[in-house]
Amino acid sequence: MKRQQVFDVAAVRGIIAERKDMAGAMLPILHGIQDKVGYIPADAVPMIASELNVSRAEVHGVISFYHFFRQEPAGRHVVQVCRAEACQARGSEALAEHAQNVLGCGFHETSADGQFTLEPVYCLGQCAIGPNLTLDDELHARVDADKFKRLIQAKREA
């Protein structure tokens, strides 16, 4: 059973009100909510749909289409492993498998201790020095299994 998440409803309503009249308002609203709350709460979907005069399914479709949007709160640290072809050619598939084993979770999941959320990302713009990842928005290049373990351990000890 999932636990109910509490979020700042007033802040979400404010973001929607501030951006609802923009051209293509849904993406700016979703980005604003995720920036403020850390994810897109399920209870925000009907609020967005109502204000934009679209269906809940349409809002959910946009949220689920873009990998950037989270539907659950992230862990304390966010690990994004590049899954683009250039990084794949440089070993990101092995890195992704290793990351899942070390963290004990798959992509779009959070480790059991709530410390790490693992996400795929499609190109970090450092193709020549892959495989790459970000850890809490800090870019790391040429990441192998040992470097990954060191990065994760440093965050655990911080």
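Odds and ends about this structure:
- Residue match in segment 108-124 (condition: open to solvent by less than 30 Å² (accessible area, probe 1.4 Å), at pLDDT 95 or above and touching a Phe, Trp or Tyr at 6+ places or on another chain (Cβ under 6 Å)): yes
- Q100 vs. criteria surrounded by fewer than 19 Cβ atoms within 10 Å (Cβ to Cβ), polar (S, T, N, Q) and part of a loop (DSSP other than H, G, I, E, B): no
- For segment 67-76, the condition of being in contact with a Lys or Arg (Cβ under 6 Å, 6 or more places away or on another chain) and at pLDDT below 95 holds for none of the residues.
- For segment 143-158, a residue qualifies if it is open to solvent by 50 Å² or more (accessible area, probe 1.4 Å) and free of Cβ contacts under 8 Å to residues at least 40 places away in the same chain, and the qualifying residues are D146, K147, R150, Q153, A154, E157, A158.
- When D113, D137 are screened for being among the charged types (D, E, K, R) and within 28 Å of M26 (Cα to Cα), only D137 passes.
- In segment 17-42, the residues that are within 20 Å of A57 (Cβ to Cβ) form Cβ pairs under 9 Å with partners that are surrounded by fewer than 15 Cβ atoms within 10 Å (Cβ to Cβ) and among the small types (G, A, S), at six or more places apart or across chains, as follows: I33/A11.
- Test: residue in segment 34-51 that is closer than 26 Å to R19 by Cβ, surrounded by 17 or more Cβ atoms within 10 Å (Cβ to Cβ) and touching a Ser or Thr at 6+ places or on another chain (Cβ under 9 Å): yes
- Against the conditions (1) in contact (Cβ under 8 Å) with a residue 24 or more places away in the chain; (2) of a type in the set (G, A, S); (3) loosely packed, with under 13 Cβ neighbours inside 10 Å, G91 satisfies every one except (3).
The values are calculated or read from the model by the stated rules, or taken from the named source; none is laboratory data. Keep in mind that this is a model prediction, so the values were computed, not measured. Here the Cβ is made from the backbone with ideal geometry for all residues, glycine too, and neighbour counts use every protein chain on show. SASA here: full protein model, heavy atoms, side chains in, ligands and nucleic acids out. Shrake-Rupley method; radii C 1.70, N 1.55, O 1.52, S 1.80 Å.
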